[in-house]
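The values are calculated or read from the model by the stated rules, or taken from the named source; none is laboratory data. What you see is a predicted model; the values in this text were computed from it and never measured. Positions of Cβ are generated from backbone atoms using ideal geometry, with glycine treated the same way; all protein chains shown enter the neighbour counts. Ligands, DNA and RNA are stripped out before the accessible areas are found, and what is left, the full protein with its side chains, is counted by its heavy atoms. Shrake-Rupley method; radii C 1.70, N 1.55, O 1.52, S 1.80 Å.
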Amino acid sequence: MSADLAVATPAFVDLTFVGLEALPGLGDECFAGDLLRSPGGGAITAIAAARLGLDTALVAPLADDEGGRFVREVLAGEGVGVGPARGRRTPTTVVMPVGGDHAMVTVDPGVRASAAEIAAPEPRAVVANLELLDLVPAGARAYVTVGDDDARAYAKRLPQREPRARALVLNRREAEMLTGASTAAGAAEQLSVVAECVVVGEGTGATAFVEGRPMNADEPPAGRVVDPTGDRDLLAAAYAWADLHEAPPEARLRWAVLYAGLAAAVPTGAAGAVTRDRLLEEGRARGLETPPRVYATRRSESSRSRRRASGS
């Protein structure tokens, strides 16, 4: 049976300092209130997609080490499929959230999903980072995220393929690094050679270039921003969810920005990924129309649950 979404974006173990007083300078010692371990990177996307009701598989490799087994166990609890272990070490990131922003340090051995691994679950759609764009199977919708490593590698030499990706999600720093543009809007327009929709996250909102026209969305969170880690991973998951449920372009953008904003209210992106019902509740309160196919999907899920309960 095919998956709704395969996630090829590299998955990490995130180690997040909570309540960090400041970023330490050379020779300084700073203190935090806690240290949390959670799935990061593509694993955040997979968790978010599963909580939004998509049949999801993580195809990014996880090593058979302590970190990989931890991420695999958490994903299994969320109903996310995971392939066989591969690699000697699972990538790890130390996250230091301070004042509504964050700094990170990463160890990444560089093991990536193969074309065969991405195609194995026969996905309707794939979330991948920029370096894996060419491996997305023909016929699957591609939703692309960008990290610092992608932005450095592809600066001013944008990858292009036909058909274009369905969406490209990144922050302003990455967008300007890739294009050399001085504004988020200008960068988004240039990046439209890569994707039909380009979403440049900026704080609680986003600047986008969608189907040949500029667009903006701002969905301020109800509370303060505690930890924006994984914002692009969450945006990509929610954009894919809205798109697969046939929401129109502006609504896809608003749902995605809202989802990422809700997650930022707690430490770690994985913990912040809210359920579909919570997202729909908040969206209705803000005047967003429910994507057309959501209720049809709910009926299908109920039917599958009844068949499993009856053993048929």
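Just checking, which of Gly81, Gly99 is within 21 Å of Tyr259 (Cα to Cα) and open to solvent by 20 Å² or more (accessible area, probe 1.4 Å)?
Gly99
Is it true that some residue in the range 277-295 is touching a strand residue (DSSP E or B) at 6+ places or on another chain (Cβ under 9 Å), at negative phi and of a type in the set (A, V, I, L, M)?
No, the conditions are met nowhere in the range 277-295.
Are any of the residues in the range 133-142 on the phi < 0 side of the Ramachandran plot and buried (at least 24 other Cβ atoms within 10 Å of the Cβ)?
Filtering the range 133-142 for residues on the phi < 0 side of the Ramachandran plot gives 133-138, 140-142.
Pick out the ones that are also buried (at least 24 other Cβ atoms within 10 Å of the Cβ) and you get 136, 142.
Yes: one or more hits.
Please count how many residues of the range 37-53 are surrounded by fewer than 24 Cβ atoms within 10 Å (Cβ to Cβ) and touching a Leu at 6+ places or on another chain (Cβ under 8 Å). Break it down into steps so the answer makes sense when it comes.
Filtering the range 37-53 down to residues surrounded by fewer than 24 Cβ atoms within 10 Å (Cβ to Cβ) leaves 37, 51, 53.
Imposing the further condition that a residue be touching a Leu at 6+ places or on another chain (Cβ under 8 Å) reduces the set to 37.
Result for the range 37-53: 1.
Of everything in the range 152-180, what is crowded, with 18+ Cβ neighbours inside 10 Å and either free of Cβ contacts under 8 Å to residues at least 12 places away in the same chain or closer than 23 Å to Gly99 by Cβ (or both)? Give them in sequence order.
Passing the criteria: Leu170, Asn171, Arg172, Glu174, Ala175, Glu176, Met177.
Quick one: which of Ala242, Ala236 is of a type in the set (Gly, Ala, Ser), open to solvent by less than 10 Å² (accessible area, probe 1.4 Å), touching a strand residue (DSSP E or B) at 6+ places or on another chain (Cβ under 7 Å) and modelled with pLDDT of 95 or more? Walk me through it before giving the result.
On the way: Ala242 fails: touching a strand residue (DSSP E or B) at 6+ places or on another chain (Cβ under 7 Å).
Sole residue among the options that is of a type in the set (Gly, Ala, Ser), open to solvent by less than 10 Å² (accessible area, probe 1.4 Å), touching a strand residue (DSSP E or B) at 6+ places or on another chain (Cβ under 7 Å) and modelled with pLDDT of 95 or more: Ala236.
Looking at Asp14, Asp65, Asp28, Asp34, which one is at pLDDT 95 or above, acidic (Asp, Glu) and buried (at least 20 other Cβ atoms within 10 Å of the Cβ)?
The conditions single out Asp14.
Could you please find all residues in the range 188-232 being of a type in the set (D, E, K, R), open to solvent by 20 Å² or more (accessible area, probe 1.4 Å) and under 24 Å from Gly99 (Cα atoms)?
Passing the criteria: Glu202, Asp218, Arg224, Asp231, Arg232.
Out of (1) surrounded by 18 or more Cβ atoms within 10 Å (Cβ to Cβ); (2) farther than 21 Å from Ala187 by Cα, the odd one out for Val266 is which?
It fails just one condition, (1).
Among the listed residues Ala251, Ala238, Ala247, which satisfies the condition of being closer than 19 Å to Pro292 by Cα, touching a residue at least 40 places away in the same chain (Cβ under 8 Å), assigned to a loop (DSSP other than H, G, I, E, B) and hydrophobic (A, V, I, L, M, F, W, C)?
From the options Ala251, Ala238, Ala247, the qualifying one is Ala247.
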